[in-house]
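The values are calculated or read from the model by the stated rules, or taken from the named source; none is laboratory data. This structure is a prediction, so every number in the text was calculated from the model and none was measured. Reconstructed Cβ throughout: ideal geometry from the backbone, glycine too, with neighbour counts over all protein chains shown. Note: areas computed on protein heavy atoms with side chains; ligands, DNA, RNA excluded. Shrake-Rupley method; radii C 1.70, N 1.55, O 1.52, S 1.80 Å.
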Amino acid sequence: MCAQWMCPQWMWRMGFEHFAASFGLAAPMPAANIDTDVIMPKQFLKGIDRAGLDAGLFYGLRFAENGAPNPDFILNKTAWRDTRFLVVGPNFGCGSSREHAVWGLRQFGIRALIGTTFAGIFFDNCARNGLLAIEASSSDVALLMAAATDPKRNHFCVDLVNQTITTEDSVIRYQIDESRKTALMRGLDAIGVTLEGREAIALFEDMHFAQNPWLRPS
Amino acid sequence: MKPERAHRTLYDKIVDAHSVRMLDAASGLLLLYIDRTVLNEYTSPQAFSGLREAHRRVWRPEAALGVVDHVNPTAAGRTRTMPDPGGQLQTDYFAKNCAEFGIELFDVLHPMQGIEHVVMPELGAIMPGMTVAAGDSHTTTYGAFGALGFGIGTSDIEHYLATQTVIYRRLKNMRVNLSGRRPQGITAKDIVMALIRKIGASGATGYAIEFAGAGLGDLSVEGRMTICNMAVECGARGAIAAPDEAVFAYVADKPRAPRGEAWERAVAAWRRLKSDDATEFDREVDLPLTSIEPMVTWGTSPDQSMPISAAIPDPRTLGDADKRRDYERALDYMGLAPGQSISSIKIDRAFIGSCTNARIEDLREAAFVLRGRKVAPHVRAMIVPGSSSVRRQAEAEGLDLIFKSAGFEWRQAGCSMCLAMNDDVLAPEERCASSTNRNFEGRQGARGRTHLMSPAMVAAAAVAGRLADVRAMDVPAMDVAHGL
Ligand code: SF4
């Protein structure tokens with residue numbers, strides 16, 4: 001049995017993300033192929049910064065045409081108001097590369113996504129922004145989907161250190177790449193780390209252009 | 001970098017040749033050198049802001065090109081003024097960023113402006129064996145040249161700009177064998193739509209596809225671009241075809257292609273770009289072309305498609321409850337009923353455009369159908385060429401006259417109603433026959449209804465006023481390589 005007090009306190013700092021474990025509500029979004037156009041519609045892509053994207057998250061689903069909240073949408077229902085985790089259908093995040101989708105999810109307060117498969121670009125975008133996307137087996141996702149759907153059982157504890165998701169009546173373990181885990185836990189500046197090896201890149205470039213002179217841009 | 005296997009795929013060879021160093025062997029993460037990028041106004045702003053905040057410079061500005069394509073209008077007589085303040089903000093900031101970081105820009109009024117994935121190949125900026133990462137998922141288009149192209153998010157654009165590399169996870173290899181000959185009237189679009197239907201919207205997630213087989217050699221380079229472009233709609237983050245003489249000939253006369261001795265050396269190297277004979281792929285898919293029909297989507301995911309002669313599937317016949325619910329939702333959104341014949345679906349709009357199908361051959365294809373015909377009176381039809389160069393070429397061939405006399409609007413270049421970020425949008429519940437790549441909910445306008453198909457099929461639908469089989473229209477054999 002997971003108890004709230006057994007969970008390490010979730011640790012987030014706005015700006016850079018340091019994730020150890022997080023406790024909160026989960027909501028089900030079982031449809032397959034929820035694309036980034038649906039997650040963040042085009043009218044919210046007209047900015048030049050990352051701000052204000054929580055307003056656009058799932059806009060077409062969350063709001064009716066007159067701008068009033070759609071009472072049937074899961075995240076508008078009282079039992080799922082403070083959702084931190086989404087249990088999602090296959091191929092979540094397919095379509096456009098827009099990172100705005102991930103920024104919006106983060107700003108809305110979503111800490112982790114759990115599903116069987118995620119689209120490739122979206123999956124990478126999550127990793128770059130401290131949003132934990134967990135790939136789990138279809139039986140585990142089915143179990144978590146059922147729990148997330150039941151307002152009496154939708155408290156989850158998502159633990160990154162121990163790679164577990166705990167619900168009231170089950171604990172599942174998940175896999176994650178060591179490098180992604182480290183980045184999520186420490187919030188590394190990937191560009192800074194890469195630039196520490198700038199000489200290796202410069203050397204590579206010299207060799208690459210010597211072998212393939214036509215590739216040198218001019 | 002040492003090859004890991006004795007026999008390698010073309011994809012693996014390109015990745016190996018661009019690996020700066022391994023980052024995490026266990027998970028296949030490596031630092032991948034990127035030869036080129038193309039930037040647009042809507043996915044790049046935060047990347048430039050990030051560079052500025054960290055006082056970083058662009059590693060190799062001359063390897064990048066900026067193109068305004070997503071938010072600009074396509075109406076005649078356009079100016080640098082965008083229809084809405086957001087678009088103006090983005091295009092202004094983009095111009096400032098390109099200027100300050102030393103990146104060449106094709107702004108709205110530049111004579112070479114157009115959709116990024118149409119512009120790059122026509123410049124000769126895409127060559128076999130290179131890596132291209134860009135802030136747009138359809139960067140897979142460049143696989144038609146035997147290049148590895150893939151989409152990245154804004155954080156990765158920033159990483160690329162600062163380091164000329166991206167953190168990359170090696171993909172598995174899938175070979176799609178296009179077997180047999182493609183029947184008359186069947187286009188590259190029908191082939192890739194049939195593939196997506198066959199393997200599903202996530203069928204190639206985690207894979208790079210290599211297209212192979214007799215049917216590939218039959219396709220023009222632009223046809224291959226259509227296929228590689230849309231391969232991302234089945235999840236592939238890399239779609240490659242080994243380059244052949246057709247590719248070399250296509251690149252040869254482009255303005256930025258290598259010349260003289262450099263060209264000879266390049267072609268000699270490009271001839272070696274192919275998978276080793278004995279290579280085993282992680283997955284093999286056979287797609288017989290002989291039985292393919294013109295394809296049309298009926299739903300809201302690119303894999304929800306059927307041949308034009310078929311009827312809308314009945315969700316009740318599906319065993320899988322999740323899938324049944326997805327189908328029902330799609331039919332409800334599209335305003336369609338199970339069992340309805342696809343060719344009975346009436347349309348309001350027809351759109352030919354996008355990086356999938358707005359190159360010169362696509363426009364010729366449409367012109368073959370539209371010559372001497374008229375758009376049905378209740379249909380508003382438009383053609384948005386993929387680039388300003390394509391537009392000029394089409395006008396030189398007189399295609400614009402065919403389009404205009406058929407009743408199509410002949411517009412200026414851009415993404416336009418492919419994603420409707422400019423002022424070209426569907427009204428709620430308007431139904432559109434579209435040569436684009438995504439039929440997602442709201443993609444072409446809130447509650448708009450999109451049916452994806454080839455340019456020839458869009459033209460046929462525009463004339464019939466409903467979805468229609470172009471093969472029944474007595475169109476001459478479409479020699480798109482040479483035109484009318
Ligand atoms: S034409 Fe469509 S798919 Fe292509 S780059 Fe533009 S918006 Fe994206």
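Structure above, values below:
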| read-out | value |
| --- | --- |
| Out-of-range pairs (alpha-carbon distance over 23 Å; input B:K189/B:K346; A:K42/A:K181; A:K77/A:K152; B:K172/B:K274) | A:K42/A:K181 |
| Convex hull volume per residue for chain B, taking Cα atoms only, in Å³ | 148 Å³ |
| Size of the B/A contact, given as accessible area buried on both chains, probe 1.4 Å, in Å² | 5300 Å² |
| Within 10 Å of each Cβ in B:464-470, the average number of Cβ atoms from other chains | 0 |
| Amide hydrogen neighbours beyond the local backbone of A:A133, cut-off 5 Å, H modeled | A:L113 |
| With eigenvalues of the C-alpha gyration tensor scaled by 5 and rooted, region B:215-269, Å | 25, 12, 10 |
| Where chymotrypsin sites (Phe, Trp or Tyr not before Pro) fall in DSSP loop in region B:370-441, at most 14 other Cβ within 10 Å | none |
| Solvent-accessible area lost in complex, 30 Å² minimum, residues of region B:163-195 relative to chain alone, 1.4 Å | B:T163, B:I167, B:R169 |
| 15 Å beta-carbon shell around B:R57, net charge (K/R +1, D/E -1) | 0 |
| Largest-first principal axis extents, alpha carbons of region B:156-199, Å | 49, 22, 17 |
| Prolate/oblate/rounded label for region B:33-122 (Cα gyration tensor, a/c 1.5) | oblate |
| All aspartates and glutamates inside 15 Å of B:K404 as judged from Cα atoms, apart from same-chain residues fewer than 8 positions distant | B:E395 |
| Accessible surface, per residue, of chain A when the full set of protein chains is kept, probe 1.4 Å, Å² | 42 Å² |
| Pairwise Cα inverse-distance average, inverted: Kirkwood Rh of the protein assembly as shown (Å) | 25.6 Å |
| Peptide ranges B:21-28, B:46-53 listed from the most packed, as the mean C-beta count within 10 angstrom indicates | B:46-53, B:21-28 |
| MRE, 222 nm, helices only [DSSP H, n ≥ 4, -39500 (n - 2.57), over chain A, to nearest 500] | -8500 deg cm²/dmol |
| Percent of beta bridges antiparallel (DSSP, the protein assembly as shown, rounded to nearest 5) | 35 percent |
| Cut-off 9 Å between beta-carbons: net charge of the residues surrounding B:M130, Lys and Arg +1, Asp and Glu -1 | 0 |
| Order by protection proxy (mean Cβ within 10 Å, highest first), peptides A:147-155, B:77-85, B:445-453 | B:445-453, A:147-155, B:77-85 |
| Sequence-separation-based contact order of chain B, relative, with Cα cut under 8 Å and 6+ spacing, percent | 17 percent |
| Global form of region B:14-62, assessed from the alpha-carbon gyration tensor, a/c cut-off 1.5 | prolate |
| Rg in Å to one decimal, and Dmax rounded to a whole Å, for region A:46-137 via C-alpha atoms | 13.3, 40 |
| J(HN,Hα) series, region A:189-199, from Karplus relation 6.51 cos²θ - 1.76 cosθ + 1.60, nearest Hz, glycine and proline x | 7, 4, 5, x, 5, 4, 5, 4, x, 4, 5 |
| Rounded to the nearest 20 debye, dipole of region B:285-328 from Cβ charges on Lys, Arg, Asp, Glu | 120 debye |
| Accessible-area order (highest first, 1.4 angstrom probe) of the listed residues B:D326, A:D49 | A:D49, B:D326 |
| Region B:366-445, accessible surface, carbon-and-sulfur percent (1.4 angstrom probe) | 50 percent |
| Cross-link partners of B:K374 among aspartates and glutamates (Cα-Cα below 13 Å; sequence separation of 8 or more within a chain) | B:E409 |
| Nonlocal amide H pairs with B:Q340, under 5 Å, H built at 1.01 Å | B:I312 |
| Chain A - share of DSSP beta bridges that are antiparallel (%, nearest 5) | 45 percent |
| Relative contact order of region A:125-218, defined on C-alpha pairs under 8 angstrom at six or more residues apart (%) | 21 percent |
| Chain B, accessible area per residue, ligands and nucleic acids excluded (1.4 Å, Å²) | 33 Å² |
| Under 10 Å, Cβ to Cβ, from B:N357 - net charge with Lys/Arg +1 and Asp/Glu -1 | -2 |
| Helix-only CD estimate at 222 nm, as mean residue ellipticity for chain B, using -39500 (n - 2.57) per DSSP H run (n ≥ 4) | -9000 deg cm²/dmol |
| Against the rule of thumb 2.2 N^0.38 Å, how large the Cα Rg of region B:332-467 comes out | 0.97 |
| Per-residue average of Cβ from other chains inside 10 Å of A:208-218 | 6 |
| Rounded to 5, percent antiparallel among DSSP beta bridges of chain B | 25 percent |
| Separation of the B:D84 and A:E196 label points, Cα + 7 Å toward Cβ, nm | 4.3 nm |
| Residue (of B:A134, B:S344, B:A26) at the positive-pole extreme of chain B, dipole from beta-carbon charges | B:S344 |
| Derived scalar couplings ³J(HN,Hα) [region B:274-283; Karplus, 6.51 cos²θ - 1.76 cosθ + 1.60; whole Hz; x for Gly, Pro] | 7, 5, 5, 3, 8, 5, 9, 8, 5, 8 |
| Solution diffusion estimate, µm²/s, Stokes-Einstein, chain A, Kirkwood Rh from C-alpha pairs, 25 °C, viscosity 0.890 mPa s | 131 µm²/s |
| Average partner coverage of B:122-132, which counts Cβ from other chains inside 10 Å | 1 |
| Fraction in percent of alpha-carbon pairs per bin - 5 Å, region B:62-167 | 2, 11, 20, 24, 21, 13, 6, 2, 0 |
| Region A:207-218 - phi-based ³J(HN,Hα) in whole Hz, Karplus 6.51/-1.76/1.60, Gly and Pro as x | 5, 4, 6, 5, 6, 10, x, 5, 7, 5, x, 10 |
| Average projection area in nm² (convex hull over Cα atoms of region B:389-479, one quarter of hull surface) | 6.5 nm² |
| Residues with amide H under 5 Å from that of B:D136, placed H, sequence gap 5 or more | B:I152 |
